[in-house]
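Worksheet for the structure shown next.
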Amino acid sequence: MSPDPAQPAPRTPRVLFVYYTYTQQTLKVVDAMADVLRERGYEVQQASIKFADSRYAKRFSQFPFRHLYRDLFGMIPAQLRGATGEIGIPDTAREGDYDLVCIGSPTWWMKTSVPIRSYLKSDAAGRILGGTRFAAFVVCRRYWGINLRAVKKLGTAQGGEYVDGAHWAFAGGQIRSLLSLLSYLGTGENREKYLGVKIPPTNLESNDLEQARSFAGTLADRVAAGYAA
Ligand SMILES: Cc1cc2nc3c(=O)[nH]c(=O)nc-3n(C[C@H](O)[C@H](O)[C@H](O)COP(=O)(O)O)c2cc1C
């Protein structure tokens, strides 16, 4: 059937990913989800938030951390008080009319990281999220609940309509996954042992990215159907 010339051509749906990433795991999820949405006909923008705050930027400008314990534990005060700081926001996450916004939020010290919190509290986020559907996902070693709830709350406070959330955590139990993360943040390598203890691999695995693809498909279905979960 040929299209009705009286009807306007359907607009290409648009999705924006806003995320922060230090060790690139959040980016892996964004890339996996973005592929699916492109396959589904979406125009996809990926906006990586820069952590520009002079108090913290230097330690996150290099990987692995130069001073593991100082750099990692030094974020505790800012994280615990829910601080915001100076960030760089790409133009695509400042203005724009999107059908879906997806926030990728790594956990830092149990909570939403300073850079993502700073974005969600910014005027730019108000312009992007106001009246727009949004989803969120957390990447973490283990602790995702407080972070995901905070993203939902902050995005909703900016006028966004929360659609759905997901999380991905790393392998291993409480202690070994921590040792593994410490080893990785300090060396940049997935090693077999840390402090003499055998450790699991840190970071996301291929089945996590499969789940990310499936989450993106579900979001596309929800947006197409025009309802929130
Ligand atoms: C400063 C810092 C603090 C972290 N604190 C936690 C935490 O409290 N709980 C947790 O599950 N993971 C924690 N992690 C692990 C991160 O969530 C994990 O490294 C994740 O991959 C970060 O996302 P990214 O790879 O996109 O940077 C922390 C990582 C960093 C760098």
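Note on exposure: W108, W144, W168 ranked by accessible area (1.4 Å probe, complete protein assembly) read W144, W108, W168, with the most exposed listed first. Counting Lys and Arg as +1 and Asp and Glu as -1 over every other residue whose Cβ lies under 12 Å from the Cβ of Y143, the net charge comes to +4. Annotation: average projected area of the stretch 1-115 is 9.2 square nanometres, based on the convex hull of Cα atoms across all directions. Kirkwood Rh, the stretch 44-94, all Cα pairs: how many Å? After inverting the pairwise mean of 1/r, the radius is 12.4 Å.
Report the normalised scattering of the stretch 77-176 as log10 I(q)/I(0) at q = 0.22 Å⁻¹, calculated by the Debye formula with identical scatterers on the alpha carbons. Log10 of I(q)/I(0), two decimals: -1.12. State the percent of C-alpha pairs, over all pairs in the chain, separated by a distance greater than 30 angstrom. Considering the chain, 26 percent of its Cα-Cα pairs are separated by more than 30 Å.
R0 = 22 Å: FRET efficiency of T187 with I76, Cβ-based, nearest 0.05?
Values: r = 22 Å, r/R0 = 0.98.
Efficiency at R0 = 22 Å is approximately 0.55.
With the helix formula -39500 (n - 2.57) applied to DSSP H stretches of n ≥ 4, the chain reaches a computed 222 nm mean residue ellipticity of -11500 deg cm²/dmol.
At a probe radius of 1.4 Å, what is the per-residue accessible area of H67, in Å² to the nearest 10? It works out to around 70 Å². When both the stretch 39-97 and the stretch 109-155 are represented by their alpha-carbon centers, they are found 12 Å apart. Listed by chain and number, the aspartates and glutamates placed with their C-alpha closer than 20 angstrom to that of K193 are E205; residues fewer than eight positions away on the same chain are left out. If the Kirkwood radius is taken over C-alpha pairs of the stretch 134-229, then at 25 °C and 0.890 mPa s the Stokes-Einstein diffusion coefficient equals 162 µm²/s. Count charges around G226 for me, please; just the other residues with Cβ under 12 Å from its Cβ, Lys/Arg as +1, Asp/Glu as -1. Net charge in that neighbourhood comes out at -1. Each residue of the stretch 107-117 is assigned a 3J(HN,Hα), and the resulting list reads 8, 10, 6, 6, 10, 5, 5, 3, x, 6, 4 Hz, derived from the Karplus form 6.51 cos²θ - 1.76 cosθ + 1.60 (θ = phi - 60°), x at Gly and Pro.
The values are calculated or read from the model by the stated rules, or taken from the named source; none is laboratory data. This one's a predicted model, so the numbers in the text were calculated from it and none came from an experiment. Cβ sites come from the backbone with ideal geometry, for glycine too, and all protein chains shown count toward neighbours. Keep in mind that these areas ignore ligands, DNA and RNA; they rest on the heavy atoms of the full protein, side chains included. Shrake-Rupley method; radii C 1.70, N 1.55, O 1.52, S 1.80 Å.
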